[in-house]
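Structure provided below as structure tokens; questions to follow.
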Amino acid sequence: MFENTKDTIRTIRTAGKLGWAMESNWTDPFLFAIYSVVRPIASSLILVVMYYVITRGKTSLDLFAFIYVGNAFFMYVVNVLFGISWVIHDDREHYQMIRYIYIAPMKMYYYLFGRGIAKMVLTTLAVIITIAFGMLALKIPINLMTINYPLLIFSVLVGIFIITCLGILLAGISMVTAHHSYALTEGIAGLFYLACGAIYPIDILPVWLQYISKLLPLTYWLELVRRAILGKSISTTLGGYSDFQLILIMLGTTLVLAMFSNYIYRSIEHIARKHGKIDQLTNY
Amino acid sequence: MNYAVETFDLNRSFKLKKAKNKKENNNTPGKLIALDNASIKIHQGELFGLLGPNGAGKTTLIKILSTLLLPSSGTALVDGVDVVKQPDQVRKRINMVSGGEHCGYGILNVRETLWMFSQFYGIPTQVAQARIDVLLKILKMEEFAKTKIGKLSTGLRQKLNFMRGFVCGPKIMFLDEPTLGLDVQIARDVRAYIRTWMKENPERTVLLTTHYMAEADELCDRVAIIDKGKVMVCDTPGNLKKTLAGEAVFRIEVPLAANGMETFGQISGVKQFAYEHKSHLGRTELKFILHDESAISNVTEFLSNNSSKIVSLSKMEPSLEDVFVALVGRGLKDENGSQN
Amino acid sequence: MKTDLKTNFKAIIARAYVRIIAANREPSWWFSETLLPILSTAAYVYVYKALKAPPEYTGFVILGGTMSAYWIQVLWSMAAQFYWEKEMGNLDLYMIAPISRMSILLGMALGGIIQTTSRAAFIFLTGSLIFNVSFAVVSFPKLIAVFFLTLISLYGLGMLFSSLFMLYGREAWHGVTLLQEPVHLISGFFFPVRNLGFVVGVVASFIPLTLGLDAMRQLAFKAGAASGFINVNLELSVLAVLCVIFLVTSKYALELMEKLGKKEGRLTLRWQ
């Protein structure tokens, strides 16, 4: 048991180092720092401009804060999801190492998680920078003294677990799909962007889409993160739940997702082995 | 005399990053010399071999000749055309196949891939398809014509890459370790095709790099031996082997020995010495090139004085590898007897 | 000369063929590259709905989402493509072929345009139908001219990026990633670029989609002209100039980078 734990930690640590090297050592630290900041800020500014184009700043800041915080934390979904699922494609087609990784006596889950750690660290920095930018430059009403830190940290950790499960699911799908698996990951992130109420309350969505929203753990995760930071919710659909109820629903849906992700990954992995696609080259 | 390839004092060096800490070698030189005043002449219609161990400069030379790399200094002419000044003209005359490499896009099938590359050489589709049919047949790939290349085995993918080079109808072909990693049968097919292709047109020329000495011996009209970027010698395989006619080549097997190898070279009468450990057999193979056959007694005496049991001893006909050993004073360790 | 032209033309078709045929062989792209992109576009539509924006903004977003398909394709399958070709071993083979390297780039662009147009059309039609977008086209000829000039200059820019990134490894990859969101922002994919101010608009005009999108919005929507950045005719002229600039500079950039790569021995350096 102890040996297994040690092996697991070693796998995650090694994959983490590898992921970090790939993320960071392509340029000098200064450029890397700019690179890490420009993307998240630009992504948030798109929504800021959309907000100001329509409201000209005349509407209450509550909706703006809701959009801004949701979008900032949604970066975890985009980046970590990509960081984990892209590993399959990158190792297979680019470095052509997947066959050696795959046959190593380690759990692929831990390797994928490890490779995603660099993205998790960088995204955490990006989220902090984005929130700080929002507070300082855009006057988003966030009071550092009133943030519910235990709830925030707990939610972020569960959120990372949720996204890791989704990443593993997509990594499975990437095993049997071609070059365009980056589009698949971006597209799936788009699905959550639409359905989880990242940049608007889910109340605005059609009723049938709200049902889908309520099945997704990320919906509850974003709601909890907002409550932890902003201290309130503007969603009528989710507003009726207490924090504790939301935590329970999030954990329940996360458990289902984890089982589903594991099942899909294993099934597709089996298909990939059956059809000899583990180390296929598909680029075009 | 028309030369297919001529190089004059060709040099190529690469900048190396200096070691960052003391643990690494602080004496790391600032550059790596890949080619050192390399001069060769290859006649039109010749199958010319370039032999040498890994890192000898063979691939660098091919990259320069195929317009992929500029020389640091010196001149290289392909079919009389300067590779630096007129690369476009050179490209019309050449093609290149690198062993162990793949080509194309996994999504296309074998026929489509070959057709695609033929189009880059302006070959009419009908002509290209006819050539593809011939190549598929000769190289026994007909049944894979419609298989996506992503689904081919490594050997078949290499075969495809080989066909890719020939389908474009070059006048001069650069084959860089074309049989690297191929199984015996596929390597045999490849070698047979090279010979057939050469016979079809006397103007065709092949520059073949390999570290399989037997392959060079079998195929090449002339060979050049290259080591550390320098062309050591250039002649027909027969003539090169004759340079060892006055000398004797002995192979001795002893139980696996780890140390003291350098002392064998100092035995009286030994001109050159090389060795290869064969761990799986529990033996070390010693190869001695002696000034005179009688010197073998010095060798056996030395071995018995050092308590080395002789497992086997045989006198050998000189091979190209022995020529290499005689020239550079070491064997082609990478080869490990994997000639096919 | 005539033979060279013919060879280069064949090369363009052959390289484009890979992309066109690939799209049919991997049907999963329908899911990942048509259905899924609609979702993130739809998310921006709902932001406007949440903000109670005027209805024409839905159309602006759908058009932005449609053109975004081209931008993503240009970034990932044009700008970063030589990086992939190098890793796969194809770049060497292109470099020793007796063709202009521009033919390879043009083939990639042509194939890319054909491949992406079906996706973009799907996003456009589905998005317009689902969100009931109403169009009021002022001038079809101008609209078509803007669309094609935008595509040509956009893919010209892609070819320029491709040339510049040829020698690079992951730098190219990350460079491409870096261009994604910031360009979505400054080119006004989801709002009229006029709102960013004149200076930002002028700077952003170097990305052909900025003026292309603005002109298309002005030409296709009733309220488009009121939120336009500059006159459509001027935008058309600038786009035409950009076409020439990008195509010409990409040729020179390609030659320069190839020369540099051969000198430094980085042209065929892999797994950076």
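The values are calculated or read from the model by the stated rules, or taken from the named source; none is laboratory data. Small disclaimer: the values here were computed from a predicted structure and weren't measured. Note: ideal-geometry Cβ built from the backbone for every residue, glycine included; neighbour counts use all protein chains shown.
Could you grab me the full set of residues in segment C:86-107 that are over 20 Å from B:R93 (Cα atoms) and in contact with an Asp or Glu (Cβ under 9 Å, 6 or more places away or on another chain)?
Residues satisfying the conditions are C:K86, C:E87, C:M88, C:G89.
Restricting attention to segment B:127-144, which residues are surrounded by 15 or more Cβ atoms within 10 Å (Cβ to Cβ) and either in contact (Cβ under 8 Å) with a residue 24 or more places away in the chain or touching a Ser or Thr at 6+ places or on another chain (Cβ under 7 Å) (or both)?
B:A128, B:R131, B:I132, B:L135, B:L136, B:I138, B:L139, B:M141, B:F144
Can you pull out the residues in segment C:78-103 that are within 12 Å of chain B (Cβ to nearest Cβ) and under 17 Å from the mean Cα position of the chain (by Cα)?
Within segment C:78-103, C:Q81 is the sole residue that qualifies.
Right, next: Within segment C:41-50, identify whether any single residue is buried (at least 23 other Cβ atoms within 10 Å of the Cβ), more than 7 Å from chain A (Cβ to nearest Cβ) and of a type in the set (G, A, S), and answer yes or no.
No.
Same structure again: What are the pairs with Cβ atoms under 7 angstrom where one residue, in segment B:147-160, is in the same structural domain as B:D176 (by TED's automatic domain parsing) and surrounded by 21 or more Cβ atoms within 10 Å (Cβ to Cβ) and the other, located anywhere, is acidic (D, E) and at pLDDT below 85? Sequence gap at least six, or different chains.
Qualifying pairs under 7 Å: none.
For A:I162, state whether it is at pLDDT 90 or above, surrounded by fewer than 17 Cβ atoms within 10 Å (Cβ to Cβ) and touching a helix residue (DSSP H, G or I) at 6+ places or on another chain (Cβ under 8 Å).
It is false that A:I162 is at pLDDT 90 or above, surrounded by fewer than 17 Cβ atoms within 10 Å (Cβ to Cβ) and touching a helix residue (DSSP H, G or I) at 6+ places or on another chain (Cβ under 8 Å).
Tell me, which residue of segment C:57-81 that is in contact with a Lys or Arg (Cβ under 7 Å, 6 or more places away or on another chain) and modelled with pLDDT of 90 or more is farthest from C:E33 (Cα to Cα)?
Across segment C:57-81, the extreme among qualifying residues is C:F60.
Another question, if that's okay. Could you grab me the full set of residues in segment C:216-249 that are at pLDDT below 90, crowded, with 20+ Cβ neighbours inside 10 Å and not in a loop (DSSP other than H, G, I, E, B)?
If the condition is that a residue be at pLDDT below 90, crowded, with 20+ Cβ neighbours inside 10 Å and not in a loop (DSSP other than H, G, I, E, B), then C:S227 is the only one that fits.
Sticking with this one: Of all the residues that make up segment B:88-139, how many are part of a helix (DSSP H, G or I) and either within 24 Å of the chain's Cα centre (by Cα) or hydroxyl-bearing (S, T, Y) (or both)?
Matching residues across segment B:88-139 total 7.
The conditions are (1) within 12 Å of chain A (Cβ to nearest Cβ); (2) touching a Ser or Thr at 6+ places or on another chain (Cβ under 8 Å), and C:I12 fails exactly one of them. Which is it?
So C:I12 meets the others, but not (1).
Moving on. Looking at segment A:60-78, I want the residues that are within 15 Å of A:F161 (Cα to Cα) and have a partner that is outside any helix (DSSP H, G or I) with Cβ atoms under 7 Å, at least 6 apart or on another chain. Which pairs are those?
The qualifying pairs are A:F74/A:A198.
Just checking, does segment C:175-190 include any residue being in contact with a Ser or Thr (Cβ under 8 Å, 6 or more places away or on another chain) and on the phi > 0 side of the Ramachandran plot?
Yes: segment C:175-190 contains one or more residues that are in contact with a Ser or Thr (Cβ under 8 Å, 6 or more places away or on another chain) and on the phi > 0 side of the Ramachandran plot.
If C:V202 satisfies all but one of (1) within 10 Å of chain A (Cβ to nearest Cβ); (2) within 17 Å of C:L242 (Cα to Cα), what's the number of the condition it fails?
(1)
Of everything in segment B:70-85, what is of a type outside the set (G, A, S), buried (at least 17 other Cβ atoms within 10 Å of the Cβ) and part of a loop (DSSP other than H, G, I, E, B)? Give them in sequence order.
B:L70, B:P71, B:D79, B:V83, listed by residue number.
Could you check segment B:105-131 and list, in sequence order, the residues that are in contact with a Leu (Cβ under 9 Å, 6 or more places away or on another chain) and over 20 Å from C:I21 (Cα atoms)?
B:R131
Looking at (1) surrounded by 22 or more Cβ atoms within 10 Å (Cβ to Cβ); (2) acidic (D, E); (3) within 14 Å of another protein chain (Cβ to nearest Cβ), which one does A:D203 not meet, given that it meets all the others?
(1)
Among the residues of segment A:264-278, which ones are under 16 Å from B:I107 (Cβ atoms) and modelled with pLDDT of 75 or more?
Answer for segment A:264-278, where residues must be under 16 Å from B:I107 (Cβ atoms) and modelled with pLDDT of 75 or more: A:H275, A:K277.
Identify the residue in segment A:206-219 that is closer than 22 Å to C:K49 by Cα, part of a helix (DSSP H, G or I) and not polar (S, T, N, Q) and, among all such residues, is nearest to the other protein chains (Cβ to nearest Cβ).
Looking at residues that are closer than 22 Å to C:K49 by Cα, part of a helix (DSSP H, G or I) and not polar (S, T, N, Q), I get A:L209.
Based on this model, can you work out whether C:I20 counts as more than 9 Å from chain A (Cβ to nearest Cβ), within 24 Å of the chain's Cα centre (by Cα) and crowded, with 19+ Cβ neighbours inside 10 Å?
no
For the subset of segment B:98-126 comprising residues that are free of Cβ contacts under 8 Å to residues at least 40 places away in the same chain and more than 12 Å from B:L160 (Cα to Cα), which member is farthest from the other protein chains (Cβ to nearest Cβ)?
Selected residue: B:Q126.
The rows are residues; the columns are (1) in contact (Cβ under 8 Å) with a residue 24 or more places away in the chain; (2) within 12 Å of chain C (Cβ to nearest Cβ); (3) polar (S, T, N, Q); (4) touching a helix residue (DSSP H, G or I) at 6+ places or on another chain (Cβ under 9 Å).
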| position | (1), (2), (3), (4) |
| --- | --- |
| A:A189 | yes, yes, no, yes |
| A:L194 | no, yes, no, yes |
| A:A228 | yes, no, no, yes |
| A:S235 | yes, yes, yes, yes |
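Just to check your reading of the model, which residue among A:Y211, A:Y149, A:Y193, A:Y220 is surrounded by 17 or more Cβ atoms within 10 Å (Cβ to Cβ), over 25 Å from A:Y109 (Cβ atoms) and among the aromatic types (F, W, Y)?
Answer to the check: A:Y193.
Collect the residues in segment C:23-39 that are small (G, A, S), crowded, with 19+ Cβ neighbours inside 10 Å and at the interface with chain A (Cβ under 7 Å from one of its Cβ atoms), keeping them in residue-number order.
C:S32
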